[in-house]
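Visitor: The structure under discussion is supplied below as structure tokens; questions concerning it will follow.
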Amino acid sequence: MKQAYQWNAYIAEGLGTFLFFLIGIGAGYAVVGLVDQEAASGVIVAFAHGLALLVMVSAFGAISGGHFNPAVTFGLWLAGKIDPIKSVVYVVAQVIGAVLAAAVALYIFSDREGIEASMAVPALGDGIDVLRGIVVEAGITMVLVVAVFGTAVDGRAPKIGGIGIGLALVAGILMAGTLTGGAANPARWFGPALVALDFSNAIVWIIGPLLGAGIVAAVYRFLFLPEAEDQAAAEGSETAAE
């Protein structure tokens with residue numbers, strides 16, 4: 001019976017990523033020409049991404065784990081929480097979902113004045129070179145992946161659904177939106193980049209998120225998760241003794 005549903009997780013990852021980015025990218029297009037201040041439009045886009053991720057993680061978490069991000073999948077693989085083959089299929093599904101979302105969002109807003117496909121592609125801001133961009137993307141991805149491990153993976157985690165993860169993304173975009181676009185997700189960059197055929201400084205949105213996720217995964221795998229497992233074992237022993 002389990003084998004009959006093995007594709008459900010992959011479908012959930014692709015669909016969840018599509019809906020997540022459709023809202024996020026769509027919000028970016030929606031504010032063009034309607035919001036005069038850059039700061040105000042940045043807040044709108046940040047919350048659109050964060051709230052969409054919150055809903056998708058809460059809705060699909062029980063089916064696929066609610067990754068919707070190759071960096072998250074990479075981190076969970078490094079931590080031994082997902083097998084390699086499943087990880088690869090997850091990433092493929094996420095990338096497909098991202099490309100479709102970018103294409104559909106552009107189609108929806110294409111007749112609005114001032115809309116260009118390149119607007120949805122994360123870009124480096126003034127004074128931000130490639131190295132700084134990698135550091136920024138790594139940093140905000142670390143915040144996101146800490147939220148994933150701390151609220152969803154760790155057995156001691158509070159049962160708050162996708163709230164912590166969604167808010168972590170909001171915080172990251174608010175900080176980094178004008179610096180790197182605040183992607184914290186290689187698929188969020190790749191989908192619009194492919195549609196716009198704009199792959200400038202690609203290394204920033206590939207290496208940065210993967211580096212950040214890898215650092216957090218290593219800390220959890222070798223320090224925090226063993227502690228959680230030992231604590232759970234101790235509590236189990238005490239329960240059995242009673």
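Since every read-out is calculated from the coordinates, none of them should be taken as a lab result. Keep in mind the model is a prediction, meaning the values are calculated, not measured. Virtual Cβ from ideal backbone geometry, glycine too; neighbours counted across all protein chains shown.
Visitor: For the chain, what does -39500 (n - 2.57) per DSSP helix run (n ≥ 4), summed and divided by total residues, give at 222 nm, in deg cm²/dmol to the nearest 500?
Guide: -23000 deg cm²/dmol
Visitor: Go through 72-81, 219-228, 114-123 and give me the packing order, highest mean Cβ count within 10 Å leading. Provide the component values of the computation, followed by the final result.
Guide: Values: 72-81: 22.9, 219-228: 15.4, 114-123: 18.2.
Highest to lowest by the protection proxy: 72-81, 114-123, 219-228.
Visitor: Suppose each label sits 7 Å from its Cα in the direction of the beta carbon; what would the A202-A228 distance come out to in nanometres?
Guide: 3.4
Visitor: Please give the Cα centre distance for the range 9-59 versus the range 163-204, rounded to the nearest Å.
Guide: Distance between centres, Cα-based: 11 Å.
Visitor: Another one. For the chain, what does the alpha-carbon gyration tensor say about shape, rounded, prolate or oblate, given a ≥ b ≥ c as the root eigenvalues, a/c under 1.5 as rounded, and a/b over b/c as prolate?
Guide: Working: a/c = 2.02, a/b = 1.70, b/c = 1.19.
Judged from the Cα gyration tensor, the chain comes out prolate (a/c at least 1.5, a/b above b/c).
Visitor: Would you mind computing, in nm to one decimal, how far apart the modelled labels at W7 and V104 are, each placed 7 Å from Cα along Cα→Cβ?
Guide: For W7 paired with V104, the spin-label model returns 1.9 nm.
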